[in-house]
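What follows is a set of notes on a single structure, which appears directly below.
The values are calculated or read from the model by the stated rules, or taken from the named source; none is laboratory data. Remember, predicted model here, so these are calculated numbers, not experimental data. Backbone-built Cβ (ideal geometry, glycine too); neighbour counts: all protein chains shown. Side chains are part of the model used for accessible areas, which takes the heavy atoms of the whole protein and leaves out ligands, DNA and RNA. Shrake-Rupley method; radii C 1.70, N 1.55, O 1.52, S 1.80 Å.
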Amino acid sequence: MSYTAQDFKKGQPRWCPGCGDHFFLASFHKALAEIGVAPEDTAVISGIGCSSRLPHYMATYGMNTIHGRAAAIATGAKVANPNLTVWQVSGDGDGLAIGGNHFIHANRRNINLNMILLNNRIYGLTKGQYSPTSPRGFVSKSSPYGTVEDPFRPAELCFGARGHFFARAVATDAQGTVDILKAAYQHKGAAVCEILQNCVIFNDGTHEAVYNKEGRKKNAIYVRHGEKLVFGENNEFGLVQEGFGLKIVEIGKDGYTLDDVLVHDAHCEDNTLQLKLALMGNGDGFPVALGVIRDVDAPTYDEAVSAQIAEVSAQKKYHNFAELLETNDTWEVK
């Protein structure tokens with residue numbers, strides 16, 4: 001069967017006008033239609049927060065769980081029903097603060113989940129406290145003089161947990177978002193998609209440099225496996241390796257040609273260059289990397305558990321409760 005975005009829609013979203021969640025939801029509906037998995041074979045599981053309302057607007061199975069536990073519930077759903085396509089949706093607070101432990105272990109175990117991290121660098125639902133991704137010095141209701149701690153960088157956390165898939169998109173970039181969601185579905189294992197979005201009430205403009213098309217031309221680089229790492233309004237810049245780091249060069253100047261520019265390899269098991277790409281930022285003079293940054297095959301937890309159960313069951317003398325009772329001495333009480 002073929003589906004349209006309408007087949008996955010339900011209800012009237014209740015987010016602030018202009019919230020990045022609206023943009024992501026529209027792209028999510030479109031991506032699911034193009035992926036083609038039936039709504040009844042799909043589950044969307046979230047925690048608590050503004051973005052965690054998303055399952056309410058999906059004509060699929062869904063569950064709005066408790067704070068920080070989306071990955072745990074999603075894990076249970078996937079292991080219990082391996083044929084179910086599971087999407088976990090969390091904000092940066094829900095997913096990386098109280099849910100941080102579940103986030104790293106879902107990646108470490110490589111559970112076949114599509115893990116969406118909607119990152120606006122703020123707690124929106126609880127009215128503007130700083131989150132695990134808020135930058136040092138960030139002024140908020142819970143840090144009126146500025147935070148005195150460094151933030152998590154989601155890619156670094158994912159890679160450190162031995163994650164095998166990491167991609168990034170901007171909520172206002174519909175096609176870019178659809179592309180990484182489809183790639184996440186195709187990947188077998190834990191697939192983390194970071195979505196950069198603004199909170200128009202409490203942290204508007206946090207991703208302003210890449211939030212519109214013109215900004216992305218200047219301040220972002222779309223990485224595609226097997227293609228040169230070029231960027232700029234006319235692809236006039238490229239990334240080359242310099243020592244253990246990356247360097248921006250202008251193609252055709254200072255002796256640099258297109259041949260010197262690195263080719264993106266998302267499938268390389270060694271994540272050294274992938275992590276360098278993922279950690280680039282405008283504050284360091286580099287473009288923000290968008291697209292599929294890492295995509296490496298590896299055994300999945302849920303498939304391994306299913307195979308182990310089948311193997312152990314085949315070796316047992318009993319296969320149901322009645323047979324279990326008959327494996328040892330029995331008594332009849334009269």
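So which of Asp92, Asp7 ends up being more than 22 Å from Asn112 (Cβ to Cβ), open to solvent by less than 40 Å² (accessible area, probe 1.4 Å), among the acidic types (Asp, Glu) and at pLDDT 95 or above?
Asp92
Taking the range 250-278 as the search range and keeping residues that are touching a Lys or Arg at 6+ places or on another chain (Cβ under 7 Å) and more than 18 Å from Phe237 (Cα to Cα), which one is most open to solvent (accessible area, probe 1.4 Å)?
Asn271
Give all pairs with beta carbons closer than 7 Å in which a residue from the range 188-206 that is outside any loop (DSSP other than H, G, I, E, B) meets a residue that is open to solvent by 30 Å² or more (accessible area, probe 1.4 Å); count only pairs at least 6 apart in sequence or on separate chains.
Close Cβ pairs satisfying both conditions: Asn203/Arg121.
Looking at the range 193-212 only, could you name the residues that are out of contact with any Lys or Arg (no Cβ under 9 Å at 6 or more places or on another chain) and farther than 15 Å from Ser51 by Cβ?
Selection gives Asp204, Gly205, Glu208, Tyr211, Asn212.
Pairs please, first residue from the range 304-321 and modelled with pLDDT under 90, second anywhere and surrounded by 10 or more Cβ atoms within 10 Å (Cβ to Cβ) and not in a loop (DSSP other than H, G, I, E, B), Cβ atoms under 8 Å, 6+ apart in sequence or on different chains.
Between residues of the range 304-321 that are modelled with pLDDT under 90 and residues that are surrounded by 10 or more Cβ atoms within 10 Å (Cβ to Cβ) and not in a loop (DSSP other than H, G, I, E, B), the close pairs are Lys317/Glu323; Tyr318/Leu324; His319/Ser313.
Can you name every residue in the range 239-249 that is open to solvent by less than 70 Å² (accessible area, probe 1.4 Å) and assigned to a strand (DSSP E or B)?
Answer for the range 239-249, where residues must be open to solvent by less than 70 Å² (accessible area, probe 1.4 Å) and assigned to a strand (DSSP E or B): Leu239, Val240, Gly245, Leu246, Lys247, Ile248, Val249.
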